[in-house]
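Chemist: Dumping the structure here so I can ask a few things about it.
FYI, it's all coordinate maths here, none of it is from the lab. All of these numbers come straight from a predicted model, not from anything done at the bench. In this analysis, Cβ positions are derived from the backbone assuming ideal geometry, glycine residues included, and neighbour counts consider all displayed protein chains.
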Amino acid sequence: MKFSLALPREALSIPVIRRVLGDALRGLGVAEDCVGDIVVAASEACTNAVLHARATGDFHVAGRVDDDICRLQITDGGRGPRKVPPPAPEEGDLAESGRGIRIMRALVDDLSIDSAPEQGTVVQMRKRLTWRDEALIRRLDRSLMHSAG
């Protein structure tokens, strides 16, 4: 499965991507806890694109499910990163800045974030999928039928 969406850079786009991505993964038979991890991580990346991109127009979300891996790419096309001051020592883990990135890292297997002036930020994430029991059975049945000739 592959999909690609161009969404307006506004807060109302976040529930749209959550719904589209969640429904697609559930339709494939991905386990609910895995769907939740992917949807939350994607929401964090999209929220960053909406809030911090310093650009006008759309941001883009592309996804692909191959075998047991979900790959997502969120591209904002903005002017690149702003200098953000580090949190004050007394804020520590309670600091707002960077919390979304820590959440994404905790929920997916691989995360990369690349920013360049005038090219914006590209967030790529990868997560190994787990399947609902009934989806796994269907996949095994197809595999057994195919190998039986």
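Chemist: Determine, from the Cβ-Cβ distance of Arg132 and Arg54 and an R0 of 30 Å, the FRET efficiency 1/(1 + (r/R0)^6), rounded to the nearest 0.05. Each step should come with its number before you reach the end.
Modeler: On the way: r = 41 Å, r/R0 = 1.35.
Result of the calculation: an efficiency of 0.15.
Chemist: Which ³J(HN,Hα) values in Hz, rounded to whole numbers, follow from the phi angles of the range 12-29 under the Karplus curve 6.51 cos²θ - 1.76 cosθ + 1.60, where θ = phi - 60° and Gly and Pro get x?
Modeler: My calculation for the range 12-29 gives 5, 6, 5, x, 5, 5, 4, 5, 4, 5, x, 5, 5, 5, 4, x, 7, x Hz in order.
Chemist: A follow-up question, please. In nm, to one decimal, how far is the Arg19 label point from the Asp109 one, both placed 7 Å along Cα→Cβ?
Modeler: Going from the Arg19 label point to the Asp109 one covers 3.1 nm.
Chemist: How far apart, in nanometres, would the label points at Glu118 and Val40 be if each is projected 7 angstrom from Cα along the Cα-to-Cβ direction?
Modeler: Using points 7 Å along Cα→Cβ, the separation is 4.0 nm.
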